[in-house]
1. So if I check each of 66, 85, 92, 80, which one is assigned to a loop (DSSP other than H, G, I, E, B), at pLDDT 90 or above and not assigned by TED's automatic domain parsing to the domain that holds residue 173?
2. Within the stretch 14-24, does at least one residue satisfy the condition of being within 22 Å of the chain's Cα centre (by Cα) and at pLDDT below 75?
3. Given the criterion farther than 19 Å from residue 159 by Cβ and in a strand (DSSP E or B), identify the matching residue among 35, 109.
4. Is it the case that residue 141 is at pLDDT 75 or above, surrounded by fewer than 18 Cβ atoms within 10 Å (Cβ to Cβ) and under 13 Å from residue 81 (Cα atoms)?
5. So in the stretch 95-112, with the set limited to residues that are closer than 16 Å to residue 57 by Cβ and at pLDDT 90 or above, which one is surrounded by the most Cβ atoms within 10 Å (Cβ to Cβ)?
């Protein structure tokens, strides 16, 4: 019977460890995006102040497929982001007309990167993690591309991703299982040793 308590206690401890580990598993919440600096009908926006390791995003009004794009002829726009230490990251965005005369998903390319932003390999925006705390500027260097430009709106935005722990409420259950399981395991082990010693003395 005491061995059963020992085994059951060990099982409870393992179950408690699993529950506690699961309760500490984080999940990303929906990113919060805020505007740091904005400009209208201008080629440059800034300064926008960012802290080290924050996510900087450049957003601007894209070309209108109806007026600014020629079918089967892509338009490439270059955007430079400059940091407080003089570093610069240069992006190229390719726009073209898609199905039904609508704007196709843009294609983003990093032309050069010199100590300004850390850019993801799977680039989906003009964005990156800033290297230094300070003021940042974004400059659309492609000027007067047909009827397009300067962009109607140009923004420096900050993306903040917060973490949440959706299963944190089960942590007390896991801790309870560990405590109870530990007590049963110790009690079962001590009782088993006492019984074994008693048997040896009688012999």
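The values are calculated or read from the model by the stated rules, or taken from the named source; none is laboratory data. These numbers were taken from a predicted model, which means no experiment stands behind them. Because the Cβ atoms are built from the backbone with ideal geometry, glycine has one as well, and the counts that use them run over all protein chains shown.
1. 85
2. Checked the stretch 14-24: at least one residue is within 22 Å of the chain's Cα centre (by Cα) and at pLDDT below 75.
3. 109
4. Against the criterion (at pLDDT 75 or above, surrounded by fewer than 18 Cβ atoms within 10 Å (Cβ to Cβ) and under 13 Å from residue 81 (Cα atoms)), residue 141 qualifies.
5. 108
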